[in-house]
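Input: a single structure, listed below in structure tokens.
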Amino acid sequence: MRQAEIFPCKYAVRAARRRWGVGLAAAAMMASLGHAQAAAVTELEGFGDIAARLLPSVVNISTTQTIKPDKGSSDDDDNNSPVPPGSPFEQFFKNFLQRHGQPGGGARPQAQARKATSLGSGFVVDAKGLIVTNNHVIADADEITVILQDDTNIKAELVGRDEKTDLAVLRVKTDHPLAAVPFGDSDKTRVGDWVLAVGNPFGLGGTLTAGIISARSREINNNNGPYDDFLQTDAAINKGNSGGPLFNLDGEVIGINSAIFSPSGGSIGIGFAIPADLARTIVGQLEQYGHVRRGWLGARTQSVDGEVAKALGLDHARGALVAEVMEKSPALQGGLLPGDVILGIDGKPVSDIRHLQRIVADSPIDKPVKFSLWRKRQEKVVDVKLSELDESEPTQTASLGKSDTKPGTPANQTKALGLVIAEATPELKEKYQLGENAAVVVTSVAKGSPAGEKDVKPGDVIVEVAQEEVKSPGDIPRKIDEAKKAGRKTVLLLVDRGGELRFVAVRIDNG
């Protein structure tokens, strides 16, 4: 049995029928639903009226791409040989090609460049001809054609595209207004709500299917970047549906159908759509700038689990913990510090790292944005002016400041939390390839110890304990004793491993 995979729902074909028709999956679904749900659908008296209203706004998208042969390839390399590889007639056939393949003989015929055609879907968001689809539908296309419901073919211009969210915006010119549909509020969409998917499955033409929202905030690791936040639906979505709209029963687009989970590439009732609240912002920026302008904070963050929350005095695990602030970054200029927990941005609560990244990306650039922080066991608000994210900019690391370590100093050491911690002498710096600013380094970790359970390893540099700088090995047990006297069950370590900082909450109740 093949393992199920995530498929982008673009359909590659050589030729396809483009007849518009409507196929409803509601009857089959109602058979598997409870009486109350079936009664609710019956009250709708089908989806005919809403389908008639929505179908004209959905388009088929055909793309053509020139596939160039690899250097040295030939037509018989491209599965055109009449004999199978390894056949006793294979060499005879090749000799025949050399004698008769080209005028003057001698060389085998070279493979010719060929056209590949793919089909997808899209929908009109502006009557003047603005169309939204998936980036993977039009990626690498030499020519893009939009087919309207009445089979009118129009060459399309690419306005802009964004690989990270898999969205693209096209523009077509017509002598009459097109039927446009609005974006809805996907945040208000609940699991169990009815939805309609419209698209071009397998190149058959406009097809409508019905289903419900099965889940929200799915991460399917199908994109480059941290912006996965898919709606999941059991409305039938197949290859060719990519870029088509997912409607609510008010006729608003609440998602853009993008991928399916399937062992075969066909629908098994698990489809994924980009939520409209994300798409609306991206589409607006692509229309205005031709690319996406994302906010950049310049801080490396990590998750807040239950033990980290206890160590910081938070009521429960939430937010994103700042592990490192980059040089010359908005975070540094705005006053963010390692150890701060970002709880909210402009009134929007931050639940975790991925949520933080999405909010930062969507926040205004070069304007003050209010960050709600948890710092030293109390809330604080700071203003941060975000910059525009440069996708090609290399990651920067924060300077840790100077150390009191002197070359040749004897390696005094101490034990705590199941660790042996030593002064970072030149010998140890060379052994563990540490930076010049390293002050203390872990040289041994006891198996099953509190620190060992948190993946602390020999060669790790302890930068802070309980959000206070460590300058010598003796600082560590002293700060742990202070935390115990304060009644704390965990202590927060700031660990530097290979130049990458992270916080680790370690138990001290029996450490």
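We did not get these values from a lab; they are worked out from the coordinates using the rules stated. If you're wondering where the values come from, they're calculated on a predicted model, not measured in any experiment. Here the Cβ positions follow ideal geometry from the backbone for every residue, glycine too, while neighbour counts run over all protein chains shown.
Structure notes:
- Additional length obtainable on full extension of the chain from ASN412 to ALA52, 0.36 nm per residue less Cα span: 121.6 nm
- Centre-to-centre separation between the Cα atoms of the stretch 247-261 and those of the stretch 137-194: 13 Å.
- Net charge dipole size for the stretch 241-351 [Lys, Arg +1 and Asp, Glu -1 on Cβ; Debye, nearest 20]: 220
- The packing ranking, built from the mean of other Cβ atoms within 10 Å per residue, places the peptides 292-298, 129-135, 281-287 in the order 129-135, 292-298, 281-287, highest first.
- Coordinate range along principal axes, alpha carbons of the stretch 295-388, Å, largest first: 35, 22, 19
- Peptides 332-342, 316-326 ranked from most to least packed, by the mean per-residue count of other Cβ atoms within 10 Å: 316-326, 332-342.
- Projected onto planes of every orientation and averaged, the convex hull of the alpha-carbon atoms in the stretch 155-196 covers 5.0 nm².
- Residues whose placed amide H lies under 5 Å from that of GLY240, excluding near-sequence neighbours: LYS10, TYR11, PHE202
- Kirkwood Rh in Å, taken over the stretch 413-507 so that all alpha-carbon pairs contribute: 13.0
- Here the extension length gained between ASP175 and GLU453 equals 93.3 nm, from 0.36 nm per residue of separation less the Cα-Cα distance.
- Peptide ranges 248-256, 421-429, 187-195 listed from the most packed, as the mean C-beta count within 10 angstrom indicates: 248-256, 421-429, 187-195
- Measuring spread by the Cα atoms of the stretch 164-277 yields a radius of gyration and Dmax of 13.8, 44 Å.
- Gained length - ASN437 relative to ASP366, 0.36 nm times residue gap less alpha-carbon distance: 22.2 nm
- Here the label points at LYS328 and LYS155, each 7 Å from Cα along the C-beta direction, are separated by 4.4 nm in the simple model.
- Whole-Hz couplings from phi, Karplus 6.51/-1.76/1.60, listed for the stretch 460-468; x for Gly and Pro: 6, 9, 8, 8, 9, 10, 6, 6, 10
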